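**Student:** I have a structure I would like to understand better, so I am pasting it below and will then ask my questions one at a time.
The values are calculated or read from the model by the stated rules, or taken from the named source; none is laboratory data. These numbers come from a predicted model, not from an experiment. Using ideal geometry, Cβ is built from the backbone for each residue, glycine included, and neighbour counts are taken over all protein chains shown. Note: areas computed on protein heavy atoms with side chains; ligands, DNA, RNA excluded. Shrake-Rupley method; radii C 1.70, N 1.55, O 1.52, S 1.80 Å.
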Amino acid sequence: MTVIGKSIIVRGRLSTEEDLVVHGRIDAEVRSTRAVRVEVSGVVNANMDVHSAAIDGILVGNVRANEVVELLPNARVVGDVTTPRLIVHEGARLRGRVDMDGLQTLEILKRSPVQAPTAQVRRPIAPVSPRISVDPPRAFRAEVVEWEDPEALDGGPIRAPAAARVAVEPFAARVPVDPAAVKVDYRPPRPEGPVPAKLEPAAPPSRPRPAAAPTPKPSDKTPVDAPEKGGWFRGRH
Amino acid sequence: MEEKTVLGRTIEIEGEIEGDEDLVVQGTVRGNIRSRRDVTVDGTGDVEATITSRNLSISGKLKGNVDVKARVELCKEGTMIGDIRAPRIVLADGSKFKGGIETVPTDG
């Protein structure tokens, strides 16, 4: 087994026929007939063509595996994944395409029951950035969400030996996007505008009200009489 | 307990290796090795590279120039072709060496 230590940088090309564990940085194309494991401090900045891969660190590049690719909780991957089997742990981040030709096994480990059962990475932070979903012309569908802060790739406890600031191309620049297939769903921050008409419960359009009767305004819950400004949420519960 | 990097027997690296820790090469390296600590070329190691390190110990095959801060040791099974620049040099009996030697004063 080969262990690449934390302070090592390898540039060029690396090929091996034994297991490889990476704690440092590899700017070299990795080819292996066995398993490759990228640890939390590991940074691989090139393509990987391996038998199986377990990624717990940063990978910027494509990975092709013959058997399985496992993205562990600290994985941050920018690139395409081609593998018959894919395991994605909660916390892993992926931006790229996934191609599982045989569609044999797709396991997604859910720790929280709230997690949606898709290979979707979600990061709820206000304000919400536009989410772009593209329908690719193939059987498997991967939806990616733009990160709020691309610099966050090298934040946290991860200490790569050299600067782990890797330039990332915008996703749209890499993939030819059919404009007709792109749906942009932009949700503005907390709505305070007028209430859409369909949210109001069904009520007669107008009601004759005695003008002399002092109807207390605060307790008036009829949406039909709501002023044009749409005070549905304003000061009322 | 310092970490050590071991490049196994079947590893082939073409390019550069740079590091701050001990490095043991049991495979094939072509290119350049720079380390601030010790580099060891094991019996199965086959290195064609320029090596810069603190200490260097060769038990395998090395072809290239070395610039070492402390000590170079060419062990009994080692073979080396290239120039050595180091303050202290040890060529063991049975080793094979071809190249130039320059002993320089120890830095610091």
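**Student:** For residue B:96 and residue B:50, what is the calculated FRET efficiency with R₀ set at 30 Å and r taken between the beta-carbons, to the nearest 0.05?
**Tutor:** Numbers: r = 20 Å, r/R0 = 0.65.
Rounded to the nearest 0.05, the efficiency is 0.95.
**Student:** So, one more: Provide the net charge surrounding residue B:85, with neighbours chosen by a C-beta distance below 11 Å and charges set as Lys +1, Arg +1, Asp -1, Glu -1.
**Tutor:** Details: positive: B:69; negative: B:67, B:83, B:102.
Result for the neighbourhood of residue B:85: -2.
**Student:** Quick one: how many lysine pairs does the range B:6-108 have with C-alpha atoms less than 15 Å apart and a gap of 8 or more or different chains? Give me the count, please. All intermediate terms of the calculation are to be shown ahead of the outcome.
**Tutor:** On the way: B:61/B:76; B:61/B:96; B:61/B:98; B:63/B:96; B:63/B:98; B:76/B:96; B:76/B:98.
For the range B:6-108, the number of qualifying lysine pairs is 7.
**Student:** On to the next question. Give the calculated FRET efficiency between residue B:65 and residue A:1 to the nearest 0.05, with a Förster radius of 41 Å applied to their Cβ-Cβ distance. Numbers along the way, then the final one.
**Tutor:** Numbers: r = 31 Å, r/R0 = 0.74.
After rounding to 0.05, the efficiency reads 0.85.
**Student:** I've got another one for you. Work out from phi, with θ = phi - 60° and the Karplus expression 6.51 cos²θ - 1.76 cosθ + 1.60, the ³J(HN,Hα) of each residue of the range B:18-23, listed in order in whole Hz, and give x for Gly and Pro.
**Tutor:** 10, x, 10, 9, 5, 10
**Student:** Whose amide H sits under 5 Å from the amide H of residue A:21, counting only residues 5 or more places off or on another chain, with H placed in the peptide plane?
**Tutor:** For residue A:21, whose amide H was placed from the backbone, the distant partners under 5 Å are A:2, A:3, A:4, A:37.
**Student:** Which shape class applies to chain B: rounded if a/c is under 1.5, otherwise prolate when a/b exceeds b/c and oblate if not, where a ≥ b ≥ c are the square roots of the Cα gyration tensor eigenvalues?
**Tutor:** Working: a/c = 1.56, a/b = 1.18, b/c = 1.32.
Note, shape of chain B comes out oblate.
**Student:** Within chain B, what's the longest stretch lacking trypsin sites (Lys or Arg not before Pro) that sit in DSSP loops with no more than 15 other Cβ atoms inside 10 Å? Walk me through the intermediate numbers first.
**Tutor:** On the way: sites that count: B:36, B:76.
Value returned for the longest uninterrupted segment is B:37-75.
**Student:** Continuing with the same structure: Mind running the shape call on the range A:28-89? Use the C-alpha gyration tensor, a ≥ b ≥ c as the square roots of the eigenvalues: rounded below 1.5 for a/c, prolate if a/b tops b/c, oblate otherwise. Could you put the intermediate results ahead of the total?
**Tutor:** Values: a/c = 1.45, a/b = 1.11, b/c = 1.30.
Here the range A:28-89 falls in the rounded category.
**Student:** Taking a ≥ b ≥ c as the square roots of the Cα gyration tensor eigenvalues, with a/c under 1.5 meaning rounded and otherwise prolate when a/b beats b/c, else oblate, which class fits the range A:1-60? Please list the in-between numbers first.
**Tutor:** Numbers: a/c = 1.35, a/b = 1.22, b/c = 1.11.
Because its axes are fairly even, with a/c under 1.5, the range A:1-60 counts as rounded.
**Student:** Another question about this same structure. Average partner chain C-beta neighbours within 10 Å, per residue of A:13-25? Intermediate values should be presented prior to the final figure.
**Tutor:** Values: counts 6, 9, 7, 9, 6, 5, 1, 4, 1, 0, 3, 7, 2.
Average neighbour count from other chains, rounded to a whole number: 5.
**Student:** Looking only at B:46, B:20, B:93, which one moves most when chain B is put into a Gaussian network model with springs between Cα atoms under 10 Å?
**Tutor:** B:93
**Student:** Averaged across A:26-38, how many Cβ atoms of other chains sit within 10 Å of each residue's Cβ atom?
**Tutor:** Values: counts 2, 2, 5, 2, 0, 1, 2, 1, 1, 0, 0, 0, 0.
Taking the mean over all residues of the peptide, I get 1.
**Student:** Using Cα pairs under 8 angstrom and six or more residues apart, how large is the relative contact order of chain B, in percent? Write down the numbers at each step before the final one.
**Tutor:** Values: 335 pairs, mean separation 17.2, N = 108.
Once normalised by length, the contact order is 16 percent.
**Student:** Ok, one more. For the interface of A with B, what's the total buried accessible surface in square angstrom, probe 1.4 angstrom, rounded to the nearest hundred? Please report the intermediate quantities before stating the final value.
**Tutor:** Details: alone 15160 and 6360 Å², together 19960 Å².
By this definition, chains A and B bury close to 1600 Å².
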